[in-house]
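Notes follow once the structure below has been shown.
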Amino acid sequence: MPPSIHPVDLIVALREKHLTPAIVFLTSRRACDEAMQAFDHSHIVLPPVRQEAIAAVLEKVIAQYPSIAEHPLIPIVQRIGVAAHHAGHLPSWKIAVEELMRHGCLDAVFATTTLAAGVDFPARTVIITQSSIRKSRDFMDLTIGEVQQIAGRAGRRGKDLVGFAIVTPSPYIDLTVLTKGFTGHPEAINSQFVISYPMVLNLLKAHPLDQIQPILAKSFAQFQLNQRAEVLERKLDDLRVQMDPFGPRVCTDWITEWQTFDQVRRQKSHRVPIKKFESPEIAARFHFLTPGRIVAFGRSRGVVLRQYRSKGQKSPMITALRQGGGITESPAATVTEISDRILDCVDAPIYPWCTPESVEDLLHNLDELPTKLPELPILVPKDNEPIPDAIVQTLGDFACPACPSRAACQSDYPLASKLRQEQHRHVKSIQALRTSLWHRFQEKIDVLQQFGYLTPASRLTDDGEWARLIRIDHSLLITELLRADAFNGADPAMLAAVMSSISNDDDRPGSFPRVSSGLASLLGQVRKLAASLSPHEEPPLLRADIAAVTERWIGDPTLTWIGLCKSTSMAEGDIYRLLARTLEFLSQLHTLKGTHPGLADTASRAIATLRRGVLEELP
Amino acid sequence: MTTEELEQLLAQQPIALLHRLARGRVQRHFRAGKRRLIEVLLRHSAENRAGFESDLMILIGEKPARPAPAPAPLHAPTARKPKPSGAPRRPGQRPAEPESQELGIPLSTWLEGLGVPSSSQPFIPDAWQEAAIAKLRESDVVVSVPTGSGKTYVAVEAARRAIAENRTVIYTSPLKALSNTKYTEFSKIFGADQVGILTGDRRENGQAPLLIMTTEILRNLFYDAGGGEIDVRLDTLGLVILDESQYIADPERGVVWEETIIFCPSQAKLLLLSASIGNPHDIADWLTSIRQTPCHLIKHSTRTVPLRAGYLHPNGKLSPLFRTAGIPHGHPSHLHPEAKRLFEQYEDETQPSGRRR
């Protein structure tokens, strides 16, 4: 794999050309951290004036967020004027870096592209080292919009006359993706309308069922579906024009008429009926007369070398190697017995239809065979008579053979029927485009009725009334858990732990603290329920190790943030995000004060314990 | 040769040569930076120092023997004619393409304009910013402009006017982090008592005229209002600003933006701020079709601060990426000959043989 520029060299080069401050976008958090480590032995040191400026800005941030006072990266950032900024960091640290960047104290920031949309600090220069980013477990090429979003960070209004976006190659870079991204027009965006259970419940709370369809019709999704439908309608109009010459003739629907007539005509028996001479028995047996098959012709035996149909009468024939070495062509009907034994035989395209060596082998094997061979049981279908006769007789009922427009029908039929099929297809897809959202909505209604959140008349039941307040992912699982009283007697730590394992969708591996046995068994129940709900809702990951992190934080109020971080290999920023998301889930449970007072109380106690240390000082 | 001498010699070599030297000796050498690479190379050479040194000498000796590319680029960036450096490379294999004969601009021109604008200029809003604010008086507005054009100015001015009319303003952003940044920023502009924030777990100054929240919270507010739990703030709601509204295309969360826009009360004006997207007129047409007043689209693609694209080779050589100083829109193949040559060289050196794409 190819090398890329060394981070130290990069910064030195940028400084030389006065291209700082810069944001260096790297592939992963690890790449950012490694880039920072690369400075460990570098001789880059900022002049004391700038070091002091950094210290001054940091001091202000620390006053607001004391947790970063001891941040291990502070000395190096101060020494070299370069920092990393990615999702693995605590928000307070990210704020500090952003603040430093805004004050122009830093020369460069190493960041991940996933953050391009989320950071709000421009720079003079943006360094792009990749042409693809990781999206849901897969690397995808950057879209034009993304390239421009990244490059757009370059050039600060009022601080720069020009901005620079500089590409530097690294493993797997594809320059054309980037050049197209720079020069292209951004992609059109499409609606991603998903109908969720809370949405259905909340809509039905506020509006009767018959008003729902007009509301859905107001969505951008329907707007775009309509756009597509309009395109199809225009096509449909074109088709109608093209169909003009194929209007009603002698009969109004001549296309269908001709289609049936044509089908029937094709099914009419041939002038030389082929199958007439073939008894169903022979037809059935013919399939088994494959090369290598041992057959008997009366008393003598033979090996089938090939099967074919005779040229004139199309009667089933086989070529067989007979005992004694003769190769004969005989009608399949002369075979008296088909044994359940196949000899190896190498096919050849010309006489004797197999390789000379295998002829030798076959003959030898044929002589070696025992006198009695098991017979192949062949099922002969009864009543194999072809039906068409009945239809053939009705051929006389069709007017087509004598019709004056017969010639026109015959010549126009292929085109006309193709156009008509297309028409039907378009009509169907237009219908689907116009109603798909409503159908999706109805599907959700069905599920909610089945679970008893909605009455058969699609009004909210008592359960529906409170369930609509749970407006988060996996809402069905959570409401079902509440209905099953799964959290009865669960302490705040346990409740928060389960919520965090439901909220977490990160499958990054790592080492984590152990789960308590109570939590493990509760999670087992949750998993079982989630699996049973899987036809209606994608089950969450429900990782026990993630739950254990939350359980520790809430279960032990004396645990410090550092202590928590030490107990797991999760990055600080990830732990913070996990707990913040758990907090959100818990505060949703807290809104159920009216109907689930016990649970709301447990949730609020969990929230109170959760919000301490780093989580308290931060928004 | 002593270890120290060898180390110095290695340090003088370009990193590409070191990587070639490391090939077959060091695993995952591409991961390492120069210093680390030298360290690892020295460690590995300990067993077979002689072989290592001879390989190094061969590689160093090979360098001048190869045709022009190595020395030429040194002058190329400043030279008036970059052509000779592009053309002589392996003349037999790669006939000069018509493109590469066209001259790219020299690096010095590309770097021109680098620097800080004189700060005496007062801030003058762009025409589109004025237009957006003016149009917002009578209709909804969709703004689609490149990143960093000054969308925030529009948001601030629009909010200022709405607050002056005693109306509530709601500003939403897709990320909590962005909400917090904006909270700090707006508090400085409007004063701390004028700005409130509501996120999943933070609630401060909830009755302030300018409320900052994540889009999900606003959606929930609208749902609660629809369900009968009327929030007083919604009565006086005069303006809803949806920042980063290109999030409507987010596979997981896009639906929240649609819900918010659908349920936005009709007396409130909508201001959608978005980065450059391909079909802003679709969004505007959609809003026109569902809202009472026709929506106005503000769209432009020129950046306030012009952008230039460059190419930095791993050996530290900088070159413009395109032949022109600015971005040649619609012409992705107008690569600067120097950048093109350097990238081809990079690919040649780094692609394992037999695995060319």
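The values are calculated or read from the model by the stated rules, or taken from the named source; none is laboratory data. Worth saying up front: this structure is predicted, and the values here are computed from it rather than measured. Reconstructed Cβ throughout: ideal geometry from the backbone, glycine too, with neighbour counts over all protein chains shown. For the accessible areas, the whole protein counts, side chains as well, though only heavy atoms, and no ligand, DNA or RNA atoms are used. Shrake-Rupley method; radii C 1.70, N 1.55, O 1.52, S 1.80 Å.
How well do other chains shield peptide A:145-158, expressed as the mean number of their Cβ atoms within 10 Å of each residue Cβ?
Taking all residues of A:145-158 together, the mean is 6.
Would you work out which of A:ALA165, B:GLY238, A:LEU615 lies farthest towards the positive end of the dipole of the protein assembly as shown, given +1 charges on the beta-carbon of Lys and Arg and -1 on that of Asp and Glu, about the Cα centre?
In the protein assembly as shown, that residue is A:ALA165.
For the stretch A:275-368, what mean projected area does the convex hull of the alpha carbons give, in nm²?
5.9
Set Lys and Arg Cβ to +1 and Asp and Glu Cβ to -1, take the dipole of the stretch A:3-134 about its Cα centre, and tell me which of A:ILE68, A:ALA35, A:ILE133 lies farthest positive.
Among A:ILE68, A:ALA35, A:ILE133, the one farthest towards the positive end of the dipole of the stretch A:3-134 is A:ILE133.
Hey, with R₀ at 25 Å, roughly what FRET efficiency would B:GLU347 and B:GLN8 work out to, going by the Cβ-Cβ distance, to 0.05?
Efficiency for this residue pair is about 0.25.
Rg to Rh ratio, the protein assembly as shown, alpha-carbon atoms and Kirkwood radius?
So for the protein assembly as shown, dividing Rg by the Kirkwood Rh gives 1.08.
Given the Cα-Cα distance of A:GLN450 and A:GLU187 and 0.36 nm per residue of separation, how much length would full extension add, in nm?
Computed gain between A:GLN450 and A:GLU187 is 90.6 nm.
Partner chain Cβ atoms within 10 Å, averaged over the residues of B:326-335 - can you pull that number for me?
4
Ignoring ligands, DNA and RNA, what percent of the 1.4 Å accessible area of the stretch A:469-617 is carbon and sulfur?
53
Using only alpha carbons, build the gyration tensor for the stretch A:405-512 and give me the equivalent ellipsoid semi-axes, biggest first, whole Å.
53, 21, 9
Mind grabbing the accessible area of B:PHE52 for me, 1.4 Å probe, Å², rounded to tens?
0
Residue separation times 0.36 nm, minus the C-alpha to C-alpha distance between A:VAL45 and A:ALA284: what's the value?
77.0 nm
For chain A, build the charge dipole from Cβ charges (+1 Lys, Arg; -1 Asp, Glu) around the Cα centre, then report which of A:PHE182, A:ALA55, A:VAL241 sits farthest towards its positive end.
A:VAL241
Could you report the stretch B:127-299's accessible area per residue, 1.4 Å probe, as an integer in Å²?
35
Past the 19 angstrom mark, what percentage of all C-alpha to C-alpha distances in the stretch A:469-617 do you count?
Result: 47 percent of Cα pairs exceed 19 Å.
Percent antiparallel among DSSP beta bridges with both residues in the protein assembly as shown, to the nearest 5?
40
Leaving ligands, DNA and RNA out of it, rank A:ARG299, A:ARG293, B:ARG49, A:ARG527 by accessible area with a 1.4 Å probe, largest first.
Sorted by accessible area, descending: A:ARG299, A:ARG527, B:ARG49, A:ARG293.
Between A:THR558 and A:SER511, what is the label-point separation in nm under the 7 Å Cα-to-beta-carbon projection?
Spacing of the two 7 Å Cα→Cβ label points: 2.5 nm.
Would you mind giving the three semi-axes, in whole Å and largest first, of the ellipsoid equivalent to the stretch A:7-183 according to its Cα gyration tensor?
26, 17, 16
Obtain the nm distance between the two label points defined at B:SER333 and B:THR236 by a simple spin-label model: each point lies 7 Å from its Cα along the Cα-to-C-beta direction.
6.2
Once R0 is set to 25 Å, what does the formula 1/(1 + (r/R0)^6) return for the Cβ-Cβ distance between A:GLN313 and A:GLU360, expressed as a FRET efficiency to the nearest 0.05?
Computed FRET efficiency for A:GLN313 and A:GLU360 comes out at 0.15.
Note down the accessible area of B:TYR153, probe 1.4 Å, to the nearest 10 Å².
Here the residue's solvent-accessible area equals roughly 60 Å².
Ignoring ligands, DNA and RNA, how do B:TYR311, A:TYR308, A:TYR576, A:TYR351 rank by accessible area with a 1.4 Å probe, largest first?
Largest accessible area first, the residues go A:TYR351, A:TYR308, A:TYR576, B:TYR311.
Quick one: which residues, 5+ away or cross-chain, put their amide H under 5 Å from the amide H of A:VAL167? H built at 1.01 Å from N.
Excluding prolines and chain starts, which carry no amide H, the hits are A:ILE128, B:GLY310, B:TYR311, B:LEU312.
In deg cm²/dmol, rounded to 500, what helix-only [θ] at 222 nm does chain A give when every DSSP H run of at least 4 residues adds -39500 (n - 2.57) and the total is split over its residues?
Counting only the DSSP helices, I get -15000 deg cm²/dmol.
Taking the Cβ-Cβ separation of A:GLU59 and B:ARG202 as r and a Förster radius of 30 Å, what is the calculated FRET efficiency to the nearest 0.05?
Efficiency computed from Cβ-Cβ geometry: 0.75.
Quick one: accessible surface of A:SER517, probe radius 1.4 Å, all protein chains present, in square angstrom to the nearest 10.
Per-residue accessible area (A:SER517): approximately 100 Å².
Across peptide B:247-259, how many C-beta atoms of other chains are within 10 Å of each residue C-beta, on average?
Mean number of neighbouring Cβ atoms from other chains: 6.
Determine the total buried accessible area between chain A and chain B, counting protein heavy atoms only with a 1.4 Å probe; round to the nearest 100 Å².
Summing both chains' loss of accessible area gives about 7500 Å².
How long are the three semi-axes of the equivalent ellipsoid of the stretch B:3-65, in whole Å, if each is the root of 5 times an eigenvalue of the C-alpha gyration tensor, listed from largest down?
16, 14, 12
Sorting check: for A:43-50, B:334-341, A:432-439, A:202-209, which peptide has the highest mean count of neighbouring beta carbons within 10 Å, and how do the rest follow?
B:334-341, A:202-209, A:432-439, A:43-50
Per 0.36 nm of contour for each residue apart, how much would the distance between A:TYR172 and A:GLN259 grow if the chain were fully extended, relative to their Cα-Cα spacing?
This chain segment gains 25.6 nm when fully extended.
Where both residues lie in the stretch B:127-299, what percent of DSSP beta bridges are antiparallel, nearest 5?
Percent antiparallel among DSSP bridges in the stretch B:127-299 is about 5.
Out of every Cα pair in the stretch A:517-591, what percent are spaced more than 15 Å from each other?
64
Measure off, as a whole percent, the carbon and sulfur share of the 1.4 Å-probe accessible area of the stretch B:3-65, all protein chains present.
Of all accessible area on the stretch B:3-65, carbon and sulfur atoms account for 47 percent.
With a 1.4 Å probe and all protein chains left in place, how much of the accessible area of the stretch B:101-206 comes from carbon and sulfur atoms, in whole percent?
The value for the stretch B:101-206 is 52 percent carbon and sulfur by accessible area.
Dipole of the stretch B:189-298, Cα-centred, from +1 at each Lys and Arg C-beta and -1 at each Asp and Glu C-beta, to the nearest 20 debye?
The dipole magnitude comes to about 260 debye.
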